[in-house]
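Have a look at the structure below, then the notes.
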Amino acid sequence: MLAHQAEPLTLAGLPYIGATGILHAWYFGFLSRSYMTGEISLVYPVARGTGVAGTAIVAGLLLHERLSLAGVAGILTICIGTGW
């Protein structure tokens, strides 16, 4: 028995697939350039924290999501811990 049944791909989903591909290509390009010029002990944690902070920022700006105080505290804790 399947726990989740996949929906068929529709044309409405293609812009999201394209945007995800572009964002991932940009992220990996930026990450590889950062590894060439920086120390891995600094680059890797900052790169990991960027995803957390970036997701929250985009969700707030584009989707008008509101973070709880606990959510803001969690994101700040992760960003501080990654060297931001």
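Restricting to region 15-57, name every residue that is touching a Gly at 6+ places or on another chain (Cβ under 7 Å) and either among the aromatic types (Phe, Trp, Tyr) or under 22 Å from Val72 (Cα atoms) (or both). Before the answer, list the steps.
First, the residues of region 15-57 that are touching a Gly at 6+ places or on another chain (Cβ under 7 Å): 42, 45-46.
The answer is Pro45, Val46.
Being in contact with a helix residue (DSSP H, G or I) (Cβ under 7 Å, 6 or more places away or on another chain) and not hydroxyl-bearing (Ser, Thr, Tyr) is the filter here; which residues of region 1-60 pass it? Break it down stepwise before answering.
Looking only at region 1-60, we keep the residues that are in contact with a helix residue (DSSP H, G or I) (Cβ under 7 Å, 6 or more places away or on another chain), and these are 31, 34-35, 43, 47, 49, 52-53, 56.
Leu31, Val43, Ala47, Gly49, Val52, Ala53, Ala56, listed by residue number.
Residue by residue through region 1-50, note down the ones that are hydrophobic (A, V, I, L, M, F, W, C) and under 14 Å from the mean Cα position of the chain (by Cα).
Restricting attention to region 1-50, the residues satisfying the condition of being hydrophobic (A, V, I, L, M, F, W, C) are 1-3, 6, 9, 11-12, 14, 17, 19, 22-23, 25-26, 28, 30-31, 36, 40, 42-43, 46-47.
Across region 1-50, the qualifying residues are Ala19, Ile22, Leu23, Ala25, Trp26, Phe28, Phe30, Leu31, Val46, Ala47.
Just so you know, all these numbers are worked out from the coordinates, no wet-lab data involved. Just so we're clear, the structure is a prediction, and the values are computed from it rather than from any experiment. All Cβ positions, even for glycine, are placed from backbone atoms using ideal geometry, and neighbour counts span all protein chains on display.
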